[in-house]
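Structure, as structure tokens:
A short reminder: the numbers here are calculations on the coordinates, not readings from a lab. Just so we're clear, the structure is a prediction, and the values are computed from it rather than from any experiment. Neighbour counts run over all protein chains shown; Cβ positions are idealised from the backbone, glycine included.
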Amino acid sequence: MPKILVTRRTFSVALAALRASGADVVIWEDHESPSQEDLIKAVADVHGLYAHITNQVNAEVMDAAPNLKVIAEFGVGYDNIDIIAANERGIAVCNTPGILSESTADEAFTLLASMARRTNDLSAMVKRGEWGDFDPLSYLANDIHHKTIGIVGMGKIGSEMAKRAKGFSMNVLYFNRNKRDEEFGASYVDSLEELLERSDYVSLHNPLTPETMNMMSTVQFKLMKKSAILINTTRGAVVDQDALYLALKSGELAGAALDVTVPEPIPADHPLLTLDNCLIMPHVASATVDTRMKMAMMSVENVLACVSGDWPPYCVNQAAIAGNARIKGVYNC
Ligand code: 8YV
């Protein structure tokens, strides 16, 4: 009987679908994600791994799992999985694309609007009982409409962000590895530098890769307008946090809203948490009931490939492993 390890608790309907497959389903029930050592032990006899962002699925983990055929990531980003190691071993890697794009863009735009209109610091001020007499020159915020947003990475989430920005009458620029059709009226710029110089708001939607690690650092912050606001809902490591702290503290950059940090959770004594112009959320861009449920069901579909022997529907490395895939013809094929 194929065995599936699910490394965090999940929705009961997803669990029921996994169990209905006839697989031996093991859920990691602890309050905390498994440590690396625990993960290595837990995968020993599994055929399918339903993984999460807190699992570093590296070559060591894969080598501890000689039967492993499918790694199904709960999420669209799979930078926690060593894809080259998976390719070498013929292990299918899958994710949950598309389904979370709108919720993620909703969150990114919410962060942009919160920073622009100061909903975070002003509401905290009211709660502290510090709302003073009416003053036409106090509590001033920034407009959203007719300002310029620069979207870095025009994939599915970036496109949804562009749609929202257009709905707010923004001027939308984007930078992407390749020029796409004018997405929702967004204009392509040739370089990240140009995008940074021209934008009032910069929203990051590109995946974390070795090339994009610390892509936003001192040089990039200097290129941005002093009044600009940075929004990051992709991965924390795309931004050099030490440089961000200095830019925000010195006034080089007006504000930042981060859904993602390094590490996660961000330690309570992290310098970024001392800044009023930095809003930090606990990596929740996809965290709506509907979206998380759909992500869980997609992950189930993917991981159940290890039971049926069929290709998982949302496989990211099918072409790379076609010749040596462990999934092919294992059970029913
Ligand atoms: C997930 C995400 O919730 O999809 C992604 O890449 O960052 C989030 O939607 C997160 O990865 C938790 O698994």
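Summary of computed values
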item: Segment 252-291 - convex hull of alpha carbons, volume per residue in Å³; result: 88
item: Per-q log10 I(q)/I(0), segment 101-280, q = 0.17, 0.18, 0.19 Å⁻¹ (Debye; single scatterer per alpha-carbon; no solvent); result: -1.06, -1.19, -1.31
item: DSSP bridge pairs, the chain: antiparallel proportion in percent, nearest 5; result: 5
item: Charge dipole magnitude, Cβ of K and R +1, D and E -1 - segment 184-254, Cα centre, debye nearest 20; result: 240
item: Sequence-separation-based contact order of segment 101-280, relative, with Cα cut under 8 Å and 6+ spacing, percent; result: 19
item: Ranking of I27, I229 by count of other Cβ atoms within 10 Å, fewest first; result: I27, I229
item: Gyration tensor verdict on the chain (Cα atoms; rounded if a/c is under 1.5, prolate if a/b is larger than b/c, oblate otherwise); result: prolate
item: Separation of alpha-carbon centers, segment 20-68 and segment 263-333, rounded to whole Å; result: 14
item: Segment 230-299: projected area of the alpha-carbon convex hull, averaged over directions, in nm²; result: 5.3
item: Check: segment 101-280 dipole with +1 on Lys, Arg Cβ and -1 on Asp, Glu Cβ, in debye; result: 220
item: Net +/- balance of residues flanking P271 in space, Cβ distance below 14 Å, scoring K and R +1, D and E -1; result: -3
item: Helix-derived mean residue ellipticity, 222 nm - over the chain, DSSP H n ≥ 4, -39500 (n - 2.57), to 500; result: -9500 deg cm²/dmol
item: Using alpha carbons only: equivalent-ellipsoid semi-axes of segment 77-194, gyration tensor based, whole Å; result: 37, 21, 12
item: Whole-number percent relative contact order across segment 148-254, with pairs defined as alpha carbons under 8 Å at least 6 apart; result: 26
item: Whichever lysines have a C-alpha closer than 30 Å to that of K226, once near sequence neighbours (fewer than 8 apart) are set aside; result: K127, K147, K156, K163, K166, K179, K249
item: Within straight-line cross-link reach of K41, lysines at Cα separation under 25 Å, skipping those fewer than 8 residues along the same chain; result: K3, K69
item: Net charge dipole size for the chain [Lys, Arg +1 and Asp, Glu -1 on Cβ; Debye, nearest 20]; result: 660
